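Reviewing the structure listed below.
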Amino acid sequence: MRWVHIVVIALFAAAIVVFVVQNRASVTMAFLGFSVHAPLAVLAAIVYLLGAVTGGSLLALLRRSMRASRMGARGP
């Protein structure tokens, strides 16, 4: 099973390298009056990281909420 994880990680890393090499052109992203001019790969990485952080935070919040509701349902 360990080798399967290593292969999946290697394939994911290879896909990222191909994406970065193919998307070196600079693009402009605008949002609420702010604009950023950077390579597409950099902007995609920033958006991916923001999504991972917010997704992880939401998952932790849901887990905590479920634990609290289970404890409340059991009573004292």
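What number, in percent, do you get for the relative contact order of the chain if the mean sequence gap of Cα pairs under 8 Å and at least 6 apart is divided by its residue count? Over the chain, the number comes to 17 percent.
Grab the DSSP H runs of the chain that are 4 residues or longer, score each as -39,500 (n - 2.57), total them, divide by all residues and round the 222 nm result to the nearest 500 deg cm²/dmol. Write out the running numbers ahead of the final one.
Working: 2 runs with 56 residues, N = 76.
Rounded to the nearest 500, it is -26500 deg cm²/dmol.
Listed values for region 18-26 are Karplus-derived 3J(HN,Hα) couplings in whole Hz (6.51 cos²θ - 1.76 cosθ + 1.60, θ = phi - 60°), namely 4, 4, 5, 5, 7, 10, 8, 5, 7, and x replaces Gly and Pro. Between the helical axis of 40-74 and the longest alpha-carbon principal axis of the chain there is an angle of about 0 degrees.
All of the numbers you see were taken from the coordinates with simple rules; none came from a lab. Please read all numbers here as calculations on a predicted model, not as lab measurements.
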